[in-house]
Structure formats: C-alpha cells, structure tokens
Amino acid sequence: MKPTVRLRRLRRTPAIRSLFAENEVTLRQLVQPYFIVPGKGVKRETRPGSGLWQLSADLLGEEVRLLDHAGVGGVMLFGVPEHKRDDGKGLEAQLEPLRQAVTESKSAAATLPIFADVCLCAYTTHGHCGLVQGEKILNDESVKVLSDMSVLFAKWGVDFVCPSDMMDGRVASIREALDEHGLEDTSILSYAIKMASAFYGPFREAAHSAPGFGDRKSYQMPASNRREARRELMLDLEEGADALLVKPAMSNLDLIRDAREACDAPLFAYQVSGEYAMMRAAADAGLIDFQRALDESLMSIRRAGADVIVTYAARPYALARG
Ligand code: PBG
C-alpha cells in the first residue's frame, strides 16, 4: 500500500520548507546580556566562547550601536560593583557603573530598549539575592531595597526593571515605588518562574554572585513544581508585571508553553549561561555543531511560546549579520 498523505512533499525544497515554517527566530526577538564592571577600557569575555561579556561603561556605546544597527531587540544590564556591602545602603555608589552604562547606551542607541537586572546577589558579600540575618534571607526588608534600586534604574532611563530575586511581593512594591516617583512609564519584566538551577554557574563567575553559604532554594523555585510555577506567574501579573520571564529555558519548555496558555502578557525566556556553555563545550569536544544546536534551541524556545529570548547568542548573531 502506497501512502496517500506524504508529509515529505512539504519538505522537498528549502523554499517550500521556509514557506511553511510555523515559527521563526529573528534578531528583533533577542536580548543580549552584559556585565557592567567598574573602570575604563575593560572588554573581556569571562572565558573564550562563553558569550559572557564584562564591559566597562565607556565601551558599552560601541557595542550597543552595533547591536542596534543589526536589529537586536535590546540589552540586559547586570551590575558588578566595585565594593560589596550587606546593609542595603550605599546603593547609588555601588550602581555608579550601571548609571554610566545606561547613559552611554542611550546616547549611542537612543531607542534600543534597556533592561536592567534588579537583585542583590552581585552587591552583597554573601552573594544571596536579598538581605540576610544569620542564615535567613529576609523578605520584606529585601523588597524595600530592591524597590529603591528599581527607582534609581528608572530615573536613569532604564526601560524595563527586571527583578530576578524571587522575593515575595516585590513586583507590587516596585510598581508602587515607581508610581510614587512619577515613573509610571517604566515597565516591569518580572522573573516570574525562576528555578533553583544548576545552569547558572558561568553567570555567577561573570557577576561574582555565587552564594557564600547555603543555596538559593528558599527563594528560587523547585524544578518539580508545575502548579507552583503557575501561581508565581499569576501573582506577578496581579501585582502589576508588564511582562513575564521563565528561566532556564531549555529545561522548562513545558512551563513556557503553560505560561503562554495561562495568560496573554508578553513572555520572555532566558537561555541561561549554563545552557549556552553546554552547547559550547559539546561543540568544542567535536560532538555537535554549535551553530545548528543554537538555532535549534532558540527555535524550540520560540515554539514553546516565548515572545522574546534573553540569550548570549544575540551578539554573535548580530555580528554574523554584519
Ligand atoms: C541574579 C541572576 C542570575 C541569573 C540571572 N539573574 C543568577 C542566579 O540566580 O544565581 C542567571 C543567568 C544565567 O545563568 O545566564 N539573581
């Protein structure tokens, strides 16, 4: 018996395949992370091929001009402060490189959206995402500091403040603080579903943010829980988040799909440092083709339902574009 339906007919040529592609990945939907370090003239990749770029503010301008010109969707800035402190005070001094970076980015590419990470892990000696008393990570006290940080970012012209700390109630508190300061136009991209994941290793090296004691399991989510992920999502929406993020991406494709179906807000996924590093390492070992693996991983994240992907691949894609 010969098959009457032959799906291979629609796969016959590149032109036909592209005609019927149900999803695509475009540069406009990618956001590139940068680690902003103190000093001048600094531009280094933490390890060759890691995709994790540490830049001083003065060199961000030329980077974003390139990315903007190629059509990248935005940049996500992480601050690496000169001095760490644990009392949540002196934020402005700690964030000074970031303030300069925002100014540089705006003057080099005025319309390129800027996202800035709101969290304390890079700013404290213990490396936890909130303030700490003994071994306890304080919630409400941390939320206050994170709200102050968000107001500073918004005043400097950051378009999206992005709380990634996973404290309870921070979205509502940040929204209220922004509005009180007349910053109604600043958006909140909330890391709504963020797993206590093994895939953040290379990032912590770049941001100097590994926890000094214990782990992040008392605030980041357990990988086992799908219903809890939905609660996180809904809560952040109710609290006033403009857009939501799921991370890591590849180990949570089902949760990205759930999130897509549970609400209509813009949905981000973060292809985190460890995901990128795994593909890099496998390619370096001669086991897979890096470019094809990357293309496939980004497509699968889009197919799962993400509108925008934060990825270390945005820059290399932009450079390849010329
Ligand atoms: C800060 C933060 C982390 C990442 C994004 N924001 C690290 C962590 O929670 O330890 C990870 C991103 C990556 O691995 O690329 N809290």
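The values are calculated or read from the model by the stated rules, or taken from the named source; none is laboratory data. No experiment lies behind these values; they were computed from the predicted model shown. Glycine also receives a Cβ, built like all others from the backbone with ideal geometry; neighbour counts cover every protein chain displayed. Surface areas here come from the heavy atoms of the whole protein model, side chains and all, with no ligands, DNA or RNA. Shrake-Rupley method; radii C 1.70, N 1.55, O 1.52, S 1.80 Å.
Here are the numbers for the structure shown:
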{"read-out": "Degrees between helix 96-108 axis and first principal axis of the chain (Cα, 0 to 90, nearest 10)", "value": "50"}
{"read-out": "Full-stretch length increase - Glu180, Thr26 - with 0.36 nm per residue and alpha-carbon distance subtracted", "value": "51.8 nm"}
{"read-out": "Per residue value of the accessible surface for the chain (all protein chains in place, 1.4 Å probe), Å²", "value": "47"}
{"read-out": "Trypsin sites (Lys or Arg not before Pro) within region 167-231: DSSP coil, no more than 11 neighbouring Cβ in 10 Å", "value": "Lys217"}
{"read-out": "Nearby lysines by direct alpha-carbon distance to Lys217 (threshold 26 angstrom, same-chain neighbours under 8 apart not counted)", "value": "Lys84, Lys89, Lys136, Lys144, Lys194, Lys247"}
{"read-out": "Distance (nanometres) between label positions extended 7 Å along Cα→Cβ at Asp307 and Arg8", "value": "4.1"}
{"read-out": "Sequence of Ser251, Ser150 when ordered by accessible area, the most exposed leading, probe 1.4 angstrom", "value": "Ser251, Ser150"}
{"read-out": "Selected from Ser142, Ser273, Ser218 as most flexible by GNM, with the chain as the system and alpha-carbon contacts under 10 Å", "value": "Ser218"}
{"read-out": "Extended-chain gain in nm, criterion 0.36 nm per residue less alpha-carbon gap, Arg44 and Arg292", "value": "86.7 nm"}
{"read-out": "Coordinate range along principal axes, alpha carbons of region 138-226, Å, largest first", "value": "39, 28, 23"}
{"read-out": "Loop-located trypsin sites (Lys or Arg not before Pro) in region 6-55, at most 10 other Cβ atoms within 10 Å (DSSP)", "value": "Arg6, Arg12, Lys40"}
{"read-out": "Alpha-carbon centroid distance for the pair region 279-310 / region 22-64, whole angstrom", "value": "18"}
{"read-out": "Potential extension, Lys89-Ala320 segment - 0.36 nm per residue separation minus Cα distance", "value": "78.9 nm"}
{"read-out": "Percent carbon-and-sulfur accessible area, the chain, ignoring ligands, DNA and RNA, probe 1.4 Å", "value": "51"}
{"read-out": "Ala15-Asp284 FRET efficiency (beta carbon distance; Förster radius 41 Å; 0.05 resolution)", "value": "0.75"}
{"read-out": "Most mobile of Gly61, Gly127, Gly214 in a GNM of the chain (Cα contacts under 10 Å)", "value": "Gly214"}
{"read-out": "The chain: C-alpha gyration tensor shape, a/c 1.5 cut-off, then a/b vs b/c", "value": "prolate"}
{"read-out": "The chain, helix-only ellipticity at 222 nm - DSSP H runs n ≥ 4, -39,500 (n - 2.57), divided by all residues, nearest 500", "value": "-12000 deg cm²/dmol"}
{"read-out": "Alpha-carbon centroids, region 86-128 and region 168-245: separation in whole Å", "value": "16"}
{"read-out": "Cα point-scatterer Debye curve for region 1-92, base-10 log of I(q)/I(0) at q = 0.13, 0.15, 0.25, 0.26 Å⁻¹", "value": "-0.65, -0.76, -1.25, -1.29"}
{"read-out": "On Cα atoms only, tilt of 140-156 relative to the major axis of the chain in degrees", "value": "80"}
